[in-house]
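The values are calculated or read from the model by the stated rules, or taken from the named source; none is laboratory data. Keep in mind that this is a model prediction, so the values were computed, not measured. Here the Cβ is made from the backbone with ideal geometry for all residues, glycine too, and neighbour counts use every protein chain on show. In case anyone asks, the SASA skips ligands and DNA or RNA and just uses the protein heavy atoms, side chains included. Shrake-Rupley method; radii C 1.70, N 1.55, O 1.52, S 1.80 Å.
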Amino acid sequence: MSDRSRLPATIRARVHDGAIDRVSRFFNASVADAAAEIIQNSRRSGATRLDVVTETIPERGTVVTVTDDGFGIADPAVLLSFGESGWDAATARREDPAGMGVYALSKRGCVISSRPATAGIAPMPGWRVQLTPECFLGKQEAGIVACEDAPLPSGTAITFLADQSGEGIRAAFAAAARHCPLAVTVNGEAVARKAFLDGAVHVERWRGLSFGVFDSRFHGFNEPNLNFHGLSLSVFLPTVDTIDGGTWSVLGDVDACPELELVLPARREAVQTPFLDEMRKAARIAIYRAMRRADRTPALAHNHFTAAREAGIDMPIAPAVLRPWRPGIADIDDWRDTPSPEPVRPGTLVMAVDAEIQDQQCFWRAAERDGIAGRLFEADRRLEGYGWYDALARVEGVRIDVTGAGVTHPLDALRAGEEPSADAATAPGLPDTLARPDAIHMHLNIVHRDGPPETIAVPADVAFIGEEGTWVEDAHPLVTRDSDLQPSGLCQLLQAAYFSASDDPDADSHETQRRRFREDATHLAIRLLASEEEARRHTIAEAVWREILWVMPRDREVSIRVAAGKVAVEFGPEIPQPEGAAA
């Protein structure tokens, strides 16, 4: 007989006996988990309130007793019947209880007393059971005894030992009860509760839950956005960013939603089902609907505009406004206010090109000098699809040429260290020829939707050979001979184009790095733009300021005279103090 003939004809799901040995690992044994499960069970039992009392016992910990006024437990056996909830059919269908909530206490053990509700006048007898960890593992039987102290007229009380302080236990129950409809007190003091959708600008029902839409509510990554009767979890509900920078978000609050499946037993995440995708789509539509009903309907990216229209929500077209373009800054810590959006106008150019920062800075100076700066606007891909935006001319490339001694060199070739052309061999020397070139032109490649592309040349007076991220000595500025750029202006351009402080732990402070960069930039600018005498004068003054100014008296004039290799220092009269100045 072959081995294959021993295979069973069918198989059926079963629970191995060893599974019961692992039940204590279904929960993390924290008071927070226990609080969440106890509150959920009390809520399902019809309780209107839950009271927590703590008592600290030296060298043992804190005894916690939790009592509710629900309809109690009629059959104690369900406590140790793994996967059997004992809830009525309506609750089972609506909430899909796991039937293992009390196992959150399996590592601690607990004492449970309960009195079932009755339809008569006289209360039902109460009972009590002590459940040790061995009981939860099926290694020990638990005896049921009568209990006159069980909650009246009905309800359940659970007592367990915790290794946390009373304040920690209060925090755990307060967190579990924050968005739960059940009133909770700890040592007689009510814990604060808040409706999960509190503050929503729009609320609507959808298939057993409620969506609440919020305008510009702060939301962190993976923060809870769905409330399951007090248990909060993230199901990655959508947000919608508006053109003006505001973000709309949505929260979900579950009432009776059997289609929603949560991972048991802790319900900290959702099972990935087609329903989740439907829920997220419906949540996004709820945001669109809330936006349309707002006093001022926000402007939407074209993809959201289209999705809203497809859902039957008549959203307005985003207005024809864009943010004016400004060059980037190398210093990521230099936060500058961005200009407010402005209406587009005839001749608008959308800057759809990602040039390096030093080229952006030089182009902006050239655009201001040429009178086209007011035509430049930032590209905004969110608007692609709107007719007015697609019709705008787009700058999709910038090429920079430098001309010196009759030879024109592409700036990219100079950066790569390439010989620009055979004619360059006749130039008297590349650095000397180009340090003060005859001309610099920035050629803009412009694309039109309804016409052929074009190129326009914008005259410039400065460019940098040094690539993005280099230090000042590698910037290699090129300034045309006819430029009116002053050393201070070139220094500012160098700082905007290249300075970015190091955040290395061994680096100097941001301010010290900035100061040293400015000193180096100033020296470079003076050497290039000032006369030899001006450069020397500045170098001497800089040396005095840096090396010996600190030893000079502040209340007297000091004269330093250098002649024939000798240095003479003379102190002049005292400098008059301004009237009212402190002595």
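Per-structure values
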| read-out | value |
| --- | --- |
| Qualifying residue in the range 440-448 (condition: touching a strand residue (DSSP E or B) at 6+ places or on another chain (Cβ under 7 Å) and either modelled with pLDDT under 95 or open to solvent by 90 Å² or more (accessible area, probe 1.4 Å) (or both)) | no |
| Cross-chain or 6+ apart pairs with Cβ under 8 Å, the range 147-159 first and closer than 14 Å to residue 122 by Cα, then open to solvent by 20 Å² or more (accessible area, probe 1.4 Å) and among the acidic types (Asp, Glu) | 151/69; 154/69 |
| Breaking point among (1) within 24 Å of residue 184 (Cα to Cα); (2) buried (at least 16 other Cβ atoms within 10 Å of the Cβ); (3) not aromatic (Phe, Trp, Tyr), for residue 161 | (2) |
| Among the candidates 298, 343, 339, residue that is touching a strand residue (DSSP E or B) at 6+ places or on another chain (Cβ under 6 Å) and either among the polar types (S, T, N, Q) or exposed (fewer than 12 other Cβ atoms within 10 Å of the Cβ) (or both) | 343 |
| Selection count where residues are in a helix (DSSP H, G or I) and crowded, with 19+ Cβ neighbours inside 10 Å, scope the range 174-217 | 2 |
| Residues of the range 164-186 that turn out to be among the charged types (D, E, K, R) and in contact (Cβ under 8 Å) with a residue 40 or more places away in the chain, as a count | 2 |
| Every residue from the range 397-413 that is under 15 Å from residue 359 (Cα atoms), open to solvent by less than 60 Å² (accessible area, probe 1.4 Å) and in contact (Cβ under 8 Å) with a residue 12 or more places away in the chain | 397, 398, 400, 401, 402, 411 |
| Out of 548, 526, sole residue that is modelled with pLDDT of 70 or more and more than 21 Å from residue 483 (Cβ to Cβ) | 548 |
| Where a residue in the range 432-458 is over 24 Å from residue 405 (Cα atoms) and its partner, wherever it lies, is among the basic types (Lys, Arg) and surrounded by fewer than 16 Cβ atoms within 10 Å (Cβ to Cβ), with Cβ under 8 Å and at least six apart | 445/399 |
| Pair list, Cβ under 8 Å, 6 or more apart: the range 63-75 residue in contact (Cβ under 8 Å) with a residue 40 or more places away in the chain, other residue open to solvent by 40 Å² or more (accessible area, probe 1.4 Å) and basic (Lys, Arg) | 68/49; 69/49 |
| In the range 230-250, residue nearest to residue 290 (Cα to Cα) [restricted to those that are touching a strand residue (DSSP E or B) at 6+ places or on another chain (Cβ under 6 Å) and open to solvent by 10 Å² or more (accessible area, probe 1.4 Å)] | 248 |
| Pair list, Cβ under 7 Å, 6 or more apart: the range 340-366 residue farther than 14 Å from residue 394 by Cα, other residue among the hydroxyl-bearing types (Ser, Thr, Tyr) | 358/498 |
| Identity of the residue in the range 334-344, more than 25 Å from the chain's Cα centre (by Cα) and not hydrophobic (A, V, I, L, M, F, W, C), that ends up nearest to residue 496 (Cα to Cα) | 342 |
| Within the range 456-497, tally of residues that are within 19 Å of residue 365 (Cα to Cα) and open to solvent by 30 Å² or more (accessible area, probe 1.4 Å) | 15 |
| Any strands (runs of 3 or more DSSP E) falling wholly within the range 108-154 and containing at least 1 residues that are open to solvent by less than 20 Å² (accessible area, probe 1.4 Å) | 110-115, 127-131 |
| Residue tally, condition at pLDDT 80 or above, part of a loop (DSSP other than H, G, I, E, B), over 34 Å from the mean Cα position of the chain (by Cα) and surrounded by fewer than 20 Cβ atoms within 10 Å (Cβ to Cβ), over the range 1-58 | 9 |
| Qualifying residue in the range 260-276 (condition: surrounded by fewer than 20 Cβ atoms within 10 Å (Cβ to Cβ) and assigned to a strand (DSSP E or B)) | yes |
| Subset of the range 243-259 [among the hydrophobic types (A, V, I, L, M, F, W, C), under 26 Å from the mean Cα position of the chain (by Cα) and in a strand (DSSP E or B)] | 248, 250, 251 |
| Test: residue 465 is of a type outside the set (Asp, Glu) and under 22 Å from residue 409 (Cα atoms) | yes |
| Filter result (open to solvent by 30 Å² or more (accessible area, probe 1.4 Å), touching a residue at least 60 places away in the same chain (Cβ under 8 Å) and under 28 Å from the mean Cα position of the chain (by Cα)) within the range 320-333 | 329, 332, 333 |
| Residue in the range 118-136 that is under 45 Å from the mean Cα position of the chain (by Cα) and either modelled with pLDDT of 95 or more or at negative phi (or both) present | yes |
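Each row is one residue, and each column tells you yes or no for (1) in contact with a helix residue (DSSP H, G or I) (Cβ under 6 Å, 6 or more places away or on another chain); (2) under 30 Å from residue 258 (Cβ atoms); (3) assigned to a loop (DSSP other than H, G, I, E, B).
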site: 298; (1), (2), (3): yes, no, yes
site: 309; (1), (2), (3): no, no, no
site: 314; (1), (2), (3): no, no, yes
site: 329; (1), (2), (3): yes, no, yes
site: 333; (1), (2), (3): no, no, yes
site: 339; (1), (2), (3): no, no, yes
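To keep it simple, each residue is scored yes or no on (1) modelled with pLDDT of 70 or more; (2) surrounded by 12 or more Cβ atoms within 10 Å (Cβ to Cβ); (3) outside any loop (DSSP other than H, G, I, E, B).
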residue: 544; (1), (2), (3): yes, yes, yes
residue: 558; (1), (2), (3): yes, yes, yes
residue: 562; (1), (2), (3): yes, no, yes
residue: 569; (1), (2), (3): yes, no, yes
residue: 573; (1), (2), (3): yes, no, yes
residue: 583; (1), (2), (3): no, no, no
